[in-house]
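Student: Handing you a structure now.
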Amino acid sequence: MIFCDVKICVGCRTCEVTCSSFHAGAVSPALARIRVAKLEELGLDMAVACASCLEKPCLECPTEALSVGERGEILLDGPLCNACKTCVDACPIGAVGFFDDLPLICDLCGGDISCVKACPSGALSYRADHRDLSLHAFMPSKGNPSERRAQCVRVQGEPIREGWKNGARVDS
Amino acid sequence: MSIYRGNCLRVDLTAREIQRGDTPENGIGGRTWNSVTLLRELKPGIDPLGRENILCISVGPLTGSELIATCRFIASAKSPLTGYLGDSGARGFFAPEMRWAGHDQIIFTGASDRWVYLWIDNDQVEIRDASHLQGLDITETTVKLRQELRDPDLQVAAIGPAGEKLVRYSVISCNLARAAGRTGMGAVMGSKRLKAIVVRGDKPVKPADPERFRRACAQFKSNLEGHRDFEPRRRYGTTRIMDALARMGVLPSYHYRSAVFEDLDKVNAETLRHNHVVKAKSCFNCNVFCSRYNYTSYGEGEGPEYEAQAGFTVKCGNSDLELAIGVSNLVNRLGLDCISTAEVIAWLMECRHEGVISDADVDGIDLSWGSREALLRLPRLIAQRQGIGDLLAEGSKRAAEKFGAEARKLTVEVKGLELFSADPRGVKGYALMNAVNSRGGDHYRGEPMLELWDDEELTLRRVGYREAAHRLQETGKGALVNYTEHLGILSDSITVCKNISCCMDVVDFDLAAEAYSGLLGREIAPRELWEACSHVSQAERQFNLREGLRPEEDTLPSRFLDRPIPDGPSKGATIDLQRLIRDYYKEKGWER
């Protein structure tokens, strides 16, 4: 999975730019398979992408267009997809995008991961051994995908904000 | 010939009509479109806060592309602060979203009779009721809109209470703390009863010649990463300037009464970072991420940049950095320009110090140097136009007219726009830039940073004079300012952050032409871009002349002309401003 350290992420959205450019040759967040949730009023930024989670609720796909690849990534068989958005609604952290009638899910770029390479702050990393993260805490899902991403960051950011309150600073 | 024509949205707030059209022909994006539009469509002599004023918001063809930090929108209108052409850019994330929504320029005409906001969801555009947002600050407005529209990813450009109350130096802000700060564009928005612009965009920005465009982006990135200031800017951002200006001896301590600040180490970049910065923050697609998030006993927020940091410490004689950060956060929430606000407060403190005004003139507020009461109360009073704040909301030039000739002598403004936090006497290119540019007292039209580096070869290549590489030299400064003005217009059209493009010299006209050519898939020559910028520079002058600008207004406050810097490393520095201006006019082809 692609892991984003909420403590380090500066919220620049270079990962979105790189992802959409790599996969579609154009820049738009709607084409990106990784999205940065920014809770500006709390000072929190974090990129959210498919966590290759234990539950994999997206596999409820009624046309079986989605499957699990060898790295734990979710693969789409485009011709099978009927654009029902079941996977978009199922993902508890809002990590499934949707553009031009197709779902967009992190495919780990076939192994050479573009957003991790491009991340200027070093917040993103690839964790090959990290395949059994449970998203149980975020289920059942509430809200739309962007609200779910925001909620994910809010939860991840709580200890960071607690640290700030107790005196943690950027260099500490 | 037209290099790029974008999509233009015309919003008539009086008639509540929305039309679609094209951006002007002669332009390369951003500021070029806005200045041409205003010269063409605005009647001379109108009231900047009346319904006849036109507010233009533009991005450019490269905004929201893979090119680093193409993150700015430019807001332009006749300025309520200067009476001349006003414009200002804001970084952050609003501009790329506007581009992805498919709109390159939005032109607001007329005025609504009640508070509204503009809703843009790609092609769907609506004028919506904003009565429930009235009185909310920038943060509250942004958070409320994102909540009620159920999309935390929405981009919002809003005005705060200061814009609603028509404070002449109020801002349009996005991402809570990223402001189009100068020349009072927030007041123009407020005069139209437009509380916010909300945008969501999905449309991809796709280069027509991907290989060429990618090469230009890579070159840009490598220039940036190879620059000597790359690492320091990553660590400290603009706040690093304070130590640099102290070394040069051009700090504006106690409202320019001294170039030395005895408590520098209590308020400088390292102290800020060590005590108050909890993380780095970035604008869109930038690998410098030079901004910061602060956490203080006065609350939290993004910032401060150098101008707020220095403006609310050194300039006001305040050694309490945490207080200054609190004021910076407050000013951001209220929607005030931090440069003008700091200058107005510091000027008032000096007036009190000199006995030019009395306590009774200022509702009994303690105006001693560094006064906590003044720093915390005045921004609120200004934003609400309460008590003395109502007068101060007019800007220092107008306020000084009320306080008399002695107070006028102490103001630090050009054409009504308050100056930055540095002493122009020790940085001749900046002095000239402040004196002559279309916006008034302003360093940011194009930063003449080359004069701070002593790099003669580079300066020779850019502007044709070795001497211009040194800040205290006067030779070649006309050419330097003309060049950086062009680079400023180019940056305001690419919509790239000027802290990179101008302050780090990472883009020149050759590289910009490669980026435009790659994106558009046509051959754009560097010369064409230069000429587009020249054309706009002249158009902006023409606009101001039409509004009654007299050449003698190209000047600096008299306190910088009739005496030298009193102390510190630049002690004794004076300016021969007339020489600098003659030199500049020659570059421009203007008559005196």
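Every read-out reported here was derived from the displayed coordinates using simple, explicitly stated rules and does not represent laboratory data. Quick caveat, the model's predicted, so the values are computed rather than measured. Don't worry about glycine lacking a Cβ; one is built from the backbone with ideal geometry, like all the others, and counts go over all protein chains shown.
Student: Does anyone have the angle between helix A:14-24 and the longest principal axis of chain A? Alpha-carbon axes, 0 to 90°, nearest 10?
Tutor: Helix A:14-24 and the main axis of chain A meet at about 10 degrees.
Student: Is there a simple number for the mean count of other chain Cβ atoms within 10 Å of the Cβ of residues in A:20-27, and what is it?
Tutor: Other-chain Cβ atoms within 10 Å of each residue's Cβ, averaged: 5.
Student: Give me the orientation-averaged projected area of the Cα convex hull of the protein assembly as shown, in nm², one decimal.
Tutor: 30.1
Student: Read phi for every residue in region B:228-240 and hand back ³J(HN,Hα) as whole Hz from Karplus 6.51 cos²θ - 1.76 cosθ + 1.60, θ = phi - 60°, with x for Gly and Pro.
Tutor: With the stated coefficients, region B:228-240 comes to 4, 8, 4, 5, x, 5, 5, 7, 10, x, 5, 5, 5 Hz.
Student: Could you work out, for chain B, what percent of all Cα-Cα pairs fall into each 20 Å distance bin, beginning at 0 Å and stopping at the bin that holds the largest distance?
Tutor: For chain B, the pair-distance distribution reads 22, 60, 18, 0.
Student: Could you list B:MET189, B:MET248 in order of exposure, starting from the residue whose Cβ has the fewest other Cβ atoms within 10 Å?
Tutor: Ordered from fewest to most neighbouring Cβ atoms within 10 Å, B:MET189, B:MET248 come out as B:MET248, B:MET189.
Student: Could you tell me the relative contact order of region A:2-162? Use alpha-carbon pairs under 8 Å, at least six residues apart, and round to a whole percent.
Tutor: With pairs under 8 Å counted, the relative contact order is 31 percent.
Student: Just want the answer: with Cβ charges of +1 for Lys and Arg and -1 for Asp and Glu, which residue in B:ILE388, B:THR183, B:LEU417 is farthest toward the dipole's positive end in the protein assembly as shown?
Tutor: B:ILE388
Student: Over region B:7-200, what is the relative contact order in percent, taking alpha-carbon pairs closer than 8 angstrom and at least six residues apart? Intermediate results must be reported in sequence, preceding the final value.
Tutor: On the way: 504 pairs, mean separation 45.5, N = 194.
It rounds to 23 percent for region B:7-200.
Student: Could you grab the relative contact order for chain B? Cα pairs under 8 Å, six or more apart, rounded to a whole percent.
Tutor: In percent, rounded to a whole number, it is 16.
Student: DSSP loop trypsin sites (Lys or Arg not before Pro) in region B:520-590 with at most 14 other Cβ atoms within 10 Å of their Cβ, which ones? Kindly include the intermediate steps, with their values, before the conclusion.
Tutor: Numbers: sites: B:ARG522, B:ARG527, B:ARG541, B:ARG546, B:ARG559, B:LYS571, B:ARG579, B:ARG582, B:LYS586, B:LYS588; in loops: B:ARG522, B:LYS571.
Sparse-neighbourhood loop trypsin sites (Lys or Arg not before Pro): B:ARG522, B:LYS571.
Student: Counting C-alpha atoms alone, how compact is region B:7-131: give Rg to one decimal and Dmax as a whole number, in angstrom.
Tutor: Expressed in Å, the Cα Rg and Dmax of region B:7-131 come to 14.2, 42.
Student: A further question on this structure: When only alpha-carbon atoms count, how far does region B:131-178 stretch along each of its three principal axes, as whole angstroms with the largest first?
Tutor: That gives 33, 23, 10 Å along the principal axes, largest extent first.
Student: Would you mind pulling out the separation of the Cα centroids of region A:11-74 and region A:90-120, in Å?
Tutor: Going from one Cα centre to the other spans 3 Å.
Student: Also: Could you list, by residue number, the cysteines of chain A that have no other cysteine's beta carbon within less than 4.7 Å of their beta carbon?
Tutor: Lacking a cysteine Cβ partner under 4.7 Å: A:CYS4, A:CYS9, A:CYS12, A:CYS19, A:CYS53, A:CYS61, A:CYS81, A:CYS84, A:CYS91, A:CYS109, A:CYS119, A:CYS152.
Student: Mind telling me which of A:ARG131, A:ARG149, A:ARG35 comes out most flexible in a GNM of chain A, alpha-carbon contacts under 10 Å?
Tutor: Highest fluctuation among the options: A:ARG131.
Student: Classify chain A as rounded, prolate or oblate, taking a ≥ b ≥ c as the square roots of the eigenvalues of its Cα gyration tensor: rounded when a/c is under 1.5, otherwise prolate if a/b is larger than b/c and oblate if not. Walk me through the intermediate numbers first.
Tutor: Numbers: a/c = 1.81, a/b = 1.50, b/c = 1.20.
Prolate.
Student: Another question, then. Tell me, how many Å apart are the Cα centres for region B:297-340 and for region B:104-158?
Tutor: The distance from the Cα centre of region B:297-340 to that of region B:104-158 comes to 27 Å.
Student: Using the crude model of +1 on Lys and Arg Cβ and -1 on Asp and Glu Cβ, and no other charge, please compute the dipole size for region B:7-200 relative to its Cα centre, in debye to 20. Each step should come with its number before you reach the end.
Tutor: On the way: 24 positive and 22 negative charges, 99 e Å.
In total the dipole reaches around 480 debye.
Student: For region B:515-592, which GluC sites (Glu not before Pro) are both in a DSSP coil and crowded by at most 12 other Cβ atoms within 10 Å?
Tutor: Hits after loop and neighbour filter: B:GLU523, B:GLU591.
Student: Shifting gears a bit: For A:CYS115, B:CYS174, what ranking results if the residue with the fewest other Cβ atoms within 10 Å of its Cβ goes first?
Tutor: The fewest-first ordering by Cβ neighbours comes to A:CYS115, B:CYS174.
Student: Give me B:SER340, A:SER146, B:SER2 sorted ascending by neighbouring Cβ count inside 10 Å, so fewest comes first.
Tutor: Listing B:SER340, A:SER146, B:SER2 from fewest to most nearby Cβ atoms yields B:SER2, A:SER146, B:SER340.
Student: About its Cα centre, what dipole magnitude does chain A give when the only charges are +1 on Lys and Arg Cβ and -1 on Asp and Glu Cβ, stated in debye to the nearest 20?
Tutor: Values: 18 positive and 22 negative charges, 107 e Å.
Approximately 520 debye in magnitude.
Student: Could you pull out every whole DSSP H run in chain B that spans at least 18 Å of Cα extent along its own axis and averages -0.5 or higher on the Kyte-Doolittle scale?
Tutor: TM-like helix candidates: B:321-334, B:338-353, B:372-384, B:477-494.
Student: Further, regarding this structure: Alpha carbon centre of region B:194-227 versus region B:346-395: separation in Å?
Tutor: 44
Student: Here is a further query. Starting from the Cα gyration tensor of region A:116-168, multiply each eigenvalue by 5, take the square root, and state the resulting semi-axes largest first in whole Å.
Tutor: 21, 20, 13
Student: Next question. Averaging over all projection directions, find the projected area of the Cα convex hull of region B:269-418 and quote it in nm² with one decimal place.
Tutor: Values: hull surface 36.8 nm².
Computed as one quarter of the Cα hull surface, the answer is 9.2 nm².
Student: Still on this structure: Can you give the Kirkwood hydrodynamic radius of region A:1-103 from its Cα pairs, in Å with one decimal?
Tutor: On the way: mean 1/r = 0.0690 Å⁻¹.
Evaluated on region A:1-103, it is 14.5 Å.
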